[in-house]
Each structure stands twice: as structure tokens, then as C-alpha cells.
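First the structure, in the form of C-alpha cells, and then the observations on it.
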Number of protein chains: 2
Amino acid sequence: MNMIHKLLSLAALALTLSVAAEAQQALKFQAPVTSPEINPDHSVTFRYRNPKAVTVQLLGDMFSDGKPVEMTEGPDGVWTFTSAPLEGELYLYSFIVDGMRTADPSNMYLNRDIATWTNYFTLSVEKDDKGWYYETHDIPHGTLSKRWYDSPTLGTTRRISVYTPAGYESGKDKLPVLYLLHGSGGDEDAWVDLGRTCQIMDNLIAEGKAKPMIVVMPNGVYFNNAAPGYAVNMFQPTILNSRSDSTKEIEESFKDVISFVESNYRVAKGYRNRAIAGLSMGGRQSCAISRSHPGTFGYVGMFSGVVPPATPEEEAALAEQMSDGKAPLLYWIGCGKDDGVKKNSMILKNYCEAKGYPVEYYESDGGHIWRNWRIYLTVFASKIFK
Amino acid sequence: MNMIHKLLSLAALALTLSVAAEAQQALKFQAPVTSPEINPDHSVTFRYRNPKAVTVQLLGDMFSDGKPVEMTEGPDGVWTFTSAPLEGELYLYSFIVDGMRTADPSNMYLNRDIATWTNYFTLSVEKDDKGWYYETHDIPHGTLSKRWYDSPTLGTTRRISVYTPAGYESGKDKLPVLYLLHGSGGDEDAWVDLGRTCQIMDNLIAEGKAKPMIVVMPNGVYFNNAAPGYAVNMFQPTILNSRSDSTKEIEESFKDVISFVESNYRVAKGYRNRAIAGLSMGGRQSCAISRSHPGTFGYVGMFSGVVPPATPEEEAALAEQMSDGKAPLLYWIGCGKDDGVKKNSMILKNYCEAKGYPVEYYESDGGHIWRNWRIYLTVFASKIFK
């Protein structure tokens, strides 16, 4: 990856935002710093100018122990830290300035996770590493649409993100569909922004590693109908916005999503052409929705945290889902070694194995984090519709 | 507007981002604060917890003098400021903590302008005020698509945002098209995020104040082909990324944009069904593109800063654009009273008036800011295709 750092963003601020007139006055005698800078050996240097700060730390997911590291102040008031060489990935980081978490003002790449904004950068050491899959390359690109659909079951219109692969608009083929569900507190933007779905799918398809498919990312919180800025209220989302019972309403109304997609897109029907996957709460939803729609989804992916059927009715529904002619061609559980909800994944895995239901289990390092969910999407999308 | 503040976003941070484990440890004994809070009289209270800070200021575009105001520290380390009652608008603000501009950690609403992120909130005092037009209401909503098109003239594929009004997908009518261009350093996301184009168009159309139309927002920087995160490199955009000569290449390649739109959308053709408008650099481009495509655009809008034709060839082209049967039905210039580039607008206005070309001039308060461009879009979109 080339990280091109233009040095004049502070000037741009003042020219474009009149509110910043005073801030610029205070800043204009300070040379801007470059941060982050990817060095030739793939180590990364972070810089932050703040002569008044007493301590500046760097908190980043490149450090597997989850602890912040101390940055060192130079005579010019610029705090720096250089990492060891890093592998290809998308990395998240923040600065902690005198105890307050803050964004890197030199890096405009920010991602929102629920209500928290964090800086990020991508780094690719070689083609086909993880970072490479999360970056944009000079290949055909699909379309991302943000639409609204009617949900008669919930009595509302709801916003939905839909990825269609390159060439869809001019093509004639009917395409399979992956329904991709977010976690608690998330929304229809989560898989797009944090999940890098468009980049991953464009790259997998261009490399011939995944079939061209439509990826449908609905809003999975039943009492909210759109992401912040597109919902009626300016709510501040929290993980507790998604109550555990939101699975039930999303499960019961999911037919409205399928109906919208199958009547608005050139879709191949039948269970061989439908996949459903989700992370955390969305994993639980994928499990429940596929179970209550036996024979509907040929591929089921559960990322980080699902539990087995809890009632005799749910056990019977899972048995029907797993019966001849209806059993998913792939029933896939992915989880991180250090994920606090790994036990839930293991309970479902063990339950399925005890019952003789085919289940595929994939374990990665780390915990309940987007880094893992991007990996699971990449792996799962490569396995379906083949 | 109801601003619903959920109080648990700090908890969400730790549960969803493992990188934040340490930060949460430091923060977990601090009660979260609500900021901003819209009071019943439409004054707004801002709060920021930082017991270690020496000075905290609020820089916001609700203060017409552009100067920051001092916030007051309470015994709990929470700094506060309450504004006078405000009118309906979308407001931008930041905190300045010991001289460093920083985001409000309690407000996850952030907008990016070029490389600068700023908090925002909307406030509506009554229906049909400006804030009301920038908010989402329970009405039919259009679709926003982020697509890629081929530009044979520039030899690249380029990203483009397209708004289609509610009902487009199920309708049969051919619709008119507004081409809407951003300013220097901007990209195909600018009108969507800062311009609130989807909200404004949904609201205008639902109110019967604008005709249903397609709004096309291309990337107007010829040597860049996509917004940050979707371009090949992780560049840091600046206002100087857009050199003044980028008008020429965008002008020459604009036929590729029209060709893409007219072959991919259900479009009414002819100059009565085409409008072009833009802000700042995009205003100059709207002027130049409409001039070099005489008889193509029935409506031309130039927001904040254009200049008259500079060469005999350009003068002749403008004369042809203004000739019988080709003259735009509306040639509209909007500018802020305090805009540094108002002189450019006046030069074009005076030139047109001296030549007897019909021109409509609209002046608002304030300067070279998005607040004005949202107003101009609202006004201009209400006047076209009628």
C-alpha cells in the first residue's frame, strides 16, 4: 500500500469550514506531521503533536495484549512510536492523551463501531494477504445501494444495504444471495464500513475465489429502522439498543427481506442459492432464521457466538432443518480462540455433533473483534454457492 | 427533533473493540455525560468531561462571529456551555482542549469535510424550517447507490453516487436528472454526507416542492477516481488535491458521466430534463460544462464562486449557450454575503447582465460553507423541471 500523505489538510480545514477559523489561527505555525507512516520494512510510525500533553499513549489492535504503549516526546512537542514490522491487515488505533482517548488528527481514516470512532489504516505486505483483501484494487467493482424496503410484519419501512457484483446491471444471469447480519448495536452500515464487504467481495470475485453473488445487509435491530443519520431520531446507538429478544422479531419478519430481494433483484432461487451468515447477535439470528425456515438456506454461517436450541420446539425445528433434502450444504461456525462467547459456539458445535448433524468449525486467534469477522466473511464467501 | 441519548456507549466500546480494553478501565468509574442536549427552548447544552484540562472551548458554527466560547468547569470535571435558543439548522462544532481541536466523545455524529472530521447535530423548531429538511422523516425514501462507471476519456473507472427518488425501482416514468458537483478536495460522498442530499430530496419531493428527479454526484477530481477508503491508495485528501485545471478534464470527460446515466437509468432526455449545479470548484465546472455543451442543460446552478468566460472562445461559447432555443431556462447563481469568492460570482452576474443574458442571483448570509450549499440545493431543486 502506498500511503500518500498530503501535508496541507490544516489549510483545507480553514478554507472549507468557517467554524475552524480560530483553530487554524492557533495551529498555523505548527508544521503538520505525517501519521501513520508505513515504513519500507512494514513497521509503522505514529506521530502526534501536542507540546502540552504530559503522557501520550498509543492503543492499537496491532498489540495482541490489548495494552497501550507509551509514545515518546521529541523536542518539537511531537510524540512518536514505531511498531515492529506488521503483517498485512486492517489496523485500528487511538491515542490516549493524558488519559483521554482521542483520534489521530493527521489521519482522516476513521471507522465507527456502534458509537465509537477509531482511526484505521490498511497495510498489505504481499498480494492475497489479509490487508490486500481489504484494500481497493484496479479491478471491476460492484455497486453498493442503500435502499428502503417495506416490512409488513413490523409495520415499517427499513433501510438495507445491498452489494451487487461488477457487471450485475448489464448482465442477465440470476445470482445467488448471501444475507449478512450485523451484531448488537450495529446497523446496515456495519458490514460495509467495518466489514469491508465491498472490497472483500470485489477482490474474491476478481480472483475467482468466490462466485459472483449479491450480498444483502439489512438492519437487524427490529425497533430501529436505519443507521444513525438516516433514522428519524439522532439516537446514540449502544450495544444495549439491541435487546436479546430482537432475534424473535427479526426472525419473524425476515420473510419481508427475502421477498424484497427476490422481487427487486435478478436472483437465483432455491436453497442452493441462498446463504445466511452473521456475527454475534447476527450469528444467533442466522441460526434461528435458518432453523425456522427449513430448506430455505443452503449455507449457514455463524460468526462468534451462538447457542443450541433451547426448547423442544427449537430442537424439533433444528432436526427438521437438518433432515434429508433440507440440511444445509454447509453449516459453518467461526470463532476466536479468546472470544468470551466461544463457549456458546462450542455448545452448538457439540450439540450438532452429538446429534450427527454436519457442522464445520473454524477457529482463529483473538476475540470478539471485527478483525475476525472480516476473516470469517472471506473464508465463508469462498465456500458457498460452489 | 428528539435527541435520544443512550448512556452506555462507553460500555459498548469495550465490548466490541478489544483495543479499548485499557481505555475502558480508565473510564469506567466516570459517569457518561450527555452532549449535545437540545433543551425545550431550543438552546443547546454541550458537556465534556476532562478533569485534567486547563481550558476547554467550544467552536461551533452557531456563533456567527466564528470565535470559540469558553466552557465552564464544574466540580465533577465536566465542562459545560449552554447556547442561546437556536433556529432550525444542522450545526457543526468541536471542542478545543488546551489548544487542541477534538471531537465530542459523547456525540457519535461526525461528518468529514475533505480531511477534517467535525461533530454535528440537527435541530428543528418547526416543520419546514431548515433543520427539518435535513432530518429524516417518516415519508417515502429514495435509494442511494455508489457505483463505478467507465470514463473512456480519462481511461479509468470512476466512482459515482446516484440518488433515485422513492418509487423509482417500481415505476415506469422517465425522470429528469440533476448533476450535482462538489468542491475542491471533495469527492462523490460530499453532497451525500455534508450536503444531506438524500434527506433534502426526500423531503422536498414528499412535500410536493420538487419534482421527482435523479441526482447524480460524480467525483469531480480528474486525477482521483474515488473517495477515501474506495480509492486504490489511502490518500489524505486536501483542498490542493483539486488543482484549478481539473475543470478542463472534468469538462472534457463529462459526456462519459451523461452517457453512463442515460444508458443505466430511466431518464427523460433533452435540455428541459437536465440540470447541472455545483459548489465552489463544482460551480466553476457547472459553468464551464454547460457552456461547452450548449443546449444540453436547461438549468444551471452555480453555488459560491464562478468567473466569467476568460477567452474569446469562451465568450463565444457562452453567447452560443445563451442563444435562442439553447438558453437555460434558469441560470442561477447563489452566494454568501461574506463569502471570499463573492466577487467571482458578481463578475459573472454583471457580465451576464451587461450582455443581456438572463441570470438569477440569490444571496444568503455567511460565507463559503456547507450551510449555504444545503440552502442553495434546497432552493435550486425546488425551481427546476417545472
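Just how large is the dipole of region B:101-171 about the Cα centre, in debye to the nearest 20, putting +1 at every Lys and Arg Cβ and -1 at every Asp and Glu Cβ?
That gives region B:101-171 a dipole magnitude of about 460 debye.
May I ask you to give the solvent-accessible area per residue for region B:92-211, in square angstrom, as obtained with a 1.4 angstrom probe?
Result: 30 Å² per residue.
Among the DSSP beta bridges whose two residues both lie in chain A, what percent are antiparallel, rounded to the nearest 5?
65
Taking the label point 7 Å from Cα in the Cβ direction, how far apart in nm is A:ASP76 from each other copy of itself, listed shortest first?
List, nearest first: 4.2 nm.
State the percentage of accessible surface on the protein assembly as shown attributable to carbon and sulfur atoms; use a 1.4 Å probe and exclude ligands, DNA and RNA.
Of the solvent-accessible surface of the protein assembly as shown, carbon and sulfur hold 52 percent.
With bins 5 Å wide starting at 0, give me the P(r) of region A:68-208 over every alpha carbon pair, in whole percents.
Going from the shortest bin to the longest, the percentages are 2, 8, 13, 16, 17, 14, 11, 8, 6, 3, 2, 1, 0.
For the protein assembly as shown, give me the percentage of DSSP beta bridges that are antiparallel, rounded to the nearest 5 percent.
65
Collect residues whose amide H, placed 1.01 Å from N in the peptide plane, falls under 5 Å from the amide H of A:TYR361; neighbours closer than 5 in sequence don't count.
A:ILE333
Which distances, shortest first and in nm, link B:GLU360 to the matching position in the other copies, using label points set 7 Å out along Cα to C-beta?
When each copy's label point is compared with this one, the spacings are 6.0 nm.
Shape verdict for region B:241-386, please, from the Cα gyration tensor: rounded (a/c under 1.5), prolate (a/b greater than b/c) or oblate.
Note, shape of region B:241-386 comes out rounded.
Please work out the C-alpha center-to-center distance from region A:93-169 to region B:30-61 and express it in whole Å.
29
Would you work out which of A:PRO312, A:LEU348, A:ALA327 lies farthest towards the positive end of the dipole of region A:311-353? Charges go on Cβ: Lys and Arg +1, Asp and Glu -1.
It is A:LEU348, whose Cα lies furthest towards the positive end.
Which value results for Rg/Rh of region A:27-112 when Rg is the Cα radius of gyration and Rh the Kirkwood radius based on the inverse mean 1/r?
On the Cα set of region A:27-112, Rg over Rh gives 0.94.
Taking H as built 1.01 Å from N, whose amide H comes closer than 5 Å to the amide H of A:HIS368, not counting residues under 5 places away?
Residues meeting the amide H criterion: A:GLY340.
Keeping all protein chains in place and using 1.4 angstrom, which order do A:TYR265, B:TYR93 fall into by accessible surface area, from largest down?
Greatest to least solvent exposure: A:TYR265, B:TYR93.
Chain A: which residue's Cβ hugs the A-to-B rotation axis most tightly, distance rounded to whole Å?
Taking Cβ atoms only, the nearest residue and its distance are A:SER145, 2.
Roughly how many Å² of B:THR197 are accessible to a 1.4 Å probe, to the nearest 10?
Spelled out: B:THR197, probe radius 1.4 Å, area about 0 Å².
With a 1.4 Å probe, how much accessible area is buried between chains B and A, both sides summed, in Å² to the nearest hundred?
Chains B and A together bury roughly 7400 Å² of accessible area.
Can you bin the protein assembly as shown into rounded, prolate or oblate? Criterion: square roots of the alpha carbon gyration tensor eigenvalues sorted a ≥ b ≥ c, rounded for a/c under 1.5, prolate for a/b above b/c, oblate for the rest.
Verdict is oblate for the protein assembly as shown.
Label position 7 Å from Cα toward Cβ: report the copy-to-copy distances for B:THR34 in nm, one decimal, ordered from shortest.
Its label point is 4.6 nm from the equivalent points in the other copies.
The values are calculated or read from the model by the stated rules, or taken from the named source; none is laboratory data. Since the model is a prediction, treat every value here as computed from it, not as a measurement. Glycine gets a Cβ as well: all are built from the backbone with ideal geometry, and neighbour counts include every protein chain shown. With ligands, DNA and RNA removed, areas are computed over all heavy atoms of the protein, side chains included. Shrake-Rupley method; radii C 1.70, N 1.55, O 1.52, S 1.80 Å.
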